[in-house]
Each structure stands twice: as structure tokens, then as C-alpha cells.
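Report on the following structure.
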Amino acid sequence: MYGKYAKEREQVYMKRQDYISWDEYFMGVSMLSGMRSKDPNTQVGACIVSQDNKILSMGYNGFPKGCSDDEFPWAREGENTLDTKYPFVTHSELNAILNYRGGSLEGAKIYVSLFPCNECAKAIIQAGIKTIVYDSDKYADSPTTKASKRMLDAAGVRYYKYQRTGREICLNV
């Protein structure tokens with residue numbers, strides 16, 4: 001009788017095996033952050049994490065504080081650059097870095113839904129972030145992404161593609 005009870009008790013106290021990994025968790029937070037973007041074409045999110053897996057900051061692509069989403073262009077193309085979003089939008093990585101109020105980001109990891117451009121790579125390097133986990137690299141052949149990778153390599157910043165697990169995570173809010 002005692003053996004049966006011990007076995008039943010053992011099963012009750014076994015931990016779950018289907019919990020999400022740190023990469024799934026933080027990439028999920030990054031993607032959720034990107035859903036805050038009002039950009040009609042590209043929603044990018046970023047999540048900065050400490051070496052001991054604590055979320056330090058998050059960001060998404062959008063206009064700087066005080067610049068109305070209704071008064072600046074969201075267009076990808078225009079007669080001149082000022083008719084497009086590009087000179088005005090702050091990228092998710094830079095937003096996450098600027099949103100951090102806790103001091104140094106030295107040694108941190110950043111999860112991003114899109115590989116960082118050259119301007120964000122500069123900010124990542126300067127902030128001391130040492131690892132980038134990215135989901136998409138759809139602009140890999142662009143000069144800005146090539147420049148980004150060249151700087152990241154020179155600065156010793158590690159980057160790797162997030163390996164999708166196929167797990168579906170659904171939020172009913």
C-alpha cells in the first residue's frame with residue numbers, strides 16, 4: 001500500500017515538460033511588442049534581456065514621443081524622402097535601448113523580429129549588448145544589413161537566427 005501511495009505522490013509533483021524555452025518566451029515578447037506598432041507595413045519588436053534572463057526593456061517601431069501618428073507619413077514611397085516614414089520612425093531596437101532606465105546594458109541579449117539595420121547595429125554595439133537573436137533576415141542582401149553584420153562581426157557581437165518550434169501560442173485578451 002505504501003509503494004502505491006509513493007508512486008501516486010511522485011506523479012503529482014513532477015514538473016510540466018511542455019513549458020516554453022527562454023528563446024520562445026523572449027521572442028514571443030518581442031513579437032508581441034511589435035504588435036504595438038502602428039506602421040501599416042512593418043511591425044518590428046525588440047526585447048532586451050539580462051544575462052540572468054530578466055527582461056530589461058522592450059520597444060517597437062514608431063514615431064518619437066511627441067510626434068503624432070496622425071501628422072507624420074506612414075508611406076514607404078513618396079515624391080521625396082520627407083513624404084515617407086523613413087526619416088521619422090524610430091526602430092524597435094533603438095526604442096528598447098532608449099526606453100531602458102536601469103543603467104548599463106553591457107552583456108545583455110536583444111531579441112528582435114527583424115535583423116537590425118546598420119543604424120540600430122551601431123546603437124546595439126555602443127550599448128554593450130553582446131547577443132542578437134533575430135527571427136527574420138528578409139533584407140540580408142541590402143547594403144544596410146551587410147554593413148550591420150560587418151560592424152557586429154568587428155565588434156564581437158554574436159547573432160543567430162531564432163529557431164521556430166512550430167508551437168502556437170494564443171492569447172485571448
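The values are calculated or read from the model by the stated rules, or taken from the named source; none is laboratory data. No experiment lies behind these values; they were computed from the predicted model shown. With ideal geometry, Cβ positions are generated from the backbone for all residues, glycine too; neighbour counts draw on all protein chains shown. Surface accessibility is based on the protein's heavy atoms, side chains included, excluding ligands, DNA and RNA. Shrake-Rupley method; radii C 1.70, N 1.55, O 1.52, S 1.80 Å.
Across all directions, the average flat footprint of the convex hull enclosing the Cα atoms of the chain is 14.3 nm². Cα gyration tensor of region 88-173, axes a ≥ b ≥ c as square roots of the eigenvalues: rounded (a/c below 1.5), prolate (a/b > b/c) or oblate? It comes out oblate by the Cα gyration axes.
For the residue pairs K130/K161; K85/K146; K54/K161; K38/K130; K15/K109, the alpha carbons lie more than 24 Å apart in K38/K130; K15/K109. With Cα atoms defining each centre, region 36-59 and region 81-148 are spaced 10 Å apart in the structure. Database remark: amide H of Y159 closer than 5 angstrom to the amide H of I132 (H placed geometrically; neighbours at sequence offset of 5 or more, or on other chains; Pro and chain starts carry no H). Accessible surface for the chain, divided over its residues, is 66 Å² per residue with a 1.4 Å probe. Computed about its Cα centre, the charge dipole of the chain is approximately 800 debye, with only Lys, Arg, Asp and Glu carrying charge at their Cβ.
For the pair Q126 and I20, a Förster radius of 30 Å applied to the C-beta separation gives a FRET efficiency near 0.45, rounded to the nearest 0.05. Per residue, the chain reaches -9500 deg cm²/dmol at 222 nm when only DSSP H runs of four or more residues are counted, each adding -39500 (n - 2.57).
A dipole drawn for the chain from +1 and -1 charges on Cβ atoms has a positive end, and of L32, G103, M14 the residue lying farthest that way is M14.
About its Cα centre, what dipole magnitude does region 27-79 give when the only charges are +1 on Lys and Arg Cβ and -1 on Asp and Glu Cβ, stated in debye to the nearest 20? The dipole of region 27-79 has a size of about 300 debye. Surface composition of the chain: carbon plus sulfur atoms hold 52% of the accessible area, using a 1.4 angstrom probe and ignoring ligands, DNA and RNA.
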